[in-house]
1. Report Rg(Cα)/(2.2 N^0.38 Å) for the stretch 76-206, keeping two decimals.
2. Put a dot 7 Å past each Cα toward the Cβ at residue 43 and residue 84; how far apart are the dots in nm?
3. Could you tell me how many cubic angstrom of Cα convex hull volume the stretch 35-99 has per residue?
4. Mind checking the full-extension length gain between residue 101 and residue 181? Use 0.36 nm per residue of separation minus the Cα-Cα distance, one decimal, nm.
5. Multiply the residue gap between residue 168 and residue 141 by 0.36 nm, knock off their C-alpha separation, and tell me the result in nm, one decimal place.
6. What percent antiparallel are the DSSP beta bridges of the stretch 35-99, to the nearest 5?
7. Spin-label point model (7 Å from Cα, Cβ direction): what's the residue 228 to residue 114 distance in nm?
8. If I model a spin label at residue 130 and residue 57 as a point 7 Å from the Cα along the Cα→Cβ vector, what separation in nanometres do I get?
């Protein structure tokens, strides 16, 4: 009886000692966070916002701080693409924040990423140089895909869009920077893009300086309106058949 009781007491004592030393070790390692380092190519406003969010989790220890909550709250920001976070011993936290890259302006005051994600920017520095995309609610992803398809066709011809509009029926209109308007309609986009590429290569190798408008809504051709008055009817006949 006594040997068994002794072994039980020794076991209990050993467990208490392990817990006590483990707790003391945890406390020794869980130092108050003294340094929060934010890495990433961020604007001053984005860095300030990230600092503000991280400060909500302080004061805390380097072990006990809620890193999951930090990452989750940062990723809720529309301008944030991804977040990586590390404990930086002995008393630091290092956070790498990658901002979404804006490819275009979206409607009134927002931006749009290459994957069609709407970004609510903290500031609009340099956004005026981006193409302006507009369309119905919940159409951002589709419009970005359409924008990229058209841009891929225009790029070899050294043409760049400054605006793209999609209406409620899906009809697409494009304004070329320092160039004409292009009307694509709402269907057969692949065929119309192929036709546009062919026309640009065969009929306009020198550029579109004289062109006011290109209408691609026809099934077997296009219509062209020139900047000079009186030539629209003739150019329409020349353009058909593509």
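Read-outs throughout are calculated quantities, based only on the coordinates presented, and are distinct from any laboratory measurement. Treat the numbers as computed from the prediction; the structure is a model and nothing was measured. Note that we place each Cβ from the backbone using ideal geometry, even for glycine, and neighbour counts take in every protein chain shown.
1. On the way: Rg = 18.5 Å, N = 131, 2.2 N^0.38 = 14.0 Å.
Its radius of gyration relative to the 2.2 N^0.38 Å reference: 1.32.
2. Label-label distance for residue 84 and residue 43, simple model: 2.5 nm.
3. Details: hull volume 4.6 nm³, N = 65.
Convex hull of Cα atoms, per residue: 71 Å³.
4. Working: separation 80, 0.36 × 80 = 28.80 nm, distance 2.69 nm.
Length difference between fully extended and current span is 26.1 nm.
5. Numbers: separation 27, 0.36 × 27 = 9.72 nm, distance 1.47 nm.
Extending this stretch completely gives an extra 8.2 nm.
6. Working: 8 of 13 bridges.
Bridges in the stretch 35-99 that DSSP calls antiparallel: roughly 60 percent.
7. In this crude spin-label approximation the distance works out to 4.2 nm.
8. 2.7 nm
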